[in-house]
């Protein structure tokens, strides 16, 4: 079942490749940080249930993975994520770690209204390195 989540995210990334919500990557220090934000309704009920993820048209998912730039191996980090809307309201998001074989994903759920834009800031720390990932995402109610 864990491979199902990975294949779903890969499929989602491929489907969204021409869309603004497609997977993106930033090189931060020694890391390649991959991130994607998408509606929770993109997940099937089975996948959402397996990973204890809520499905709602008013809930977005942020998925972040951290890879070593040289080896491309998944990196375990501590992570805090905040989402600030355009009115300046800040939400601290709960981050959960999901491990599948050699992959590590960090998942956060973000409640939203239709066409609400969030500025996302994730602080990543491995003990010897701290980096900040920043991106903006507009969420839609589907």
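Here, each number is a calculation from the coordinates, and none is a lab measurement. Source: prediction; values computed, not measured. For neighbour counting, all protein chains shown are included, and Cβ atoms are generated from backbone atoms with ideal geometry for every residue, glycine included.
Odds and ends about this structure:
- A straight line joining the Cα centroids of segment 72-130 and segment 26-69 runs 9 Å.
- Taking other Cβ atoms within 10 Å as a rough exposure proxy, 109, 115 sort from fewest to most as 115, 109.
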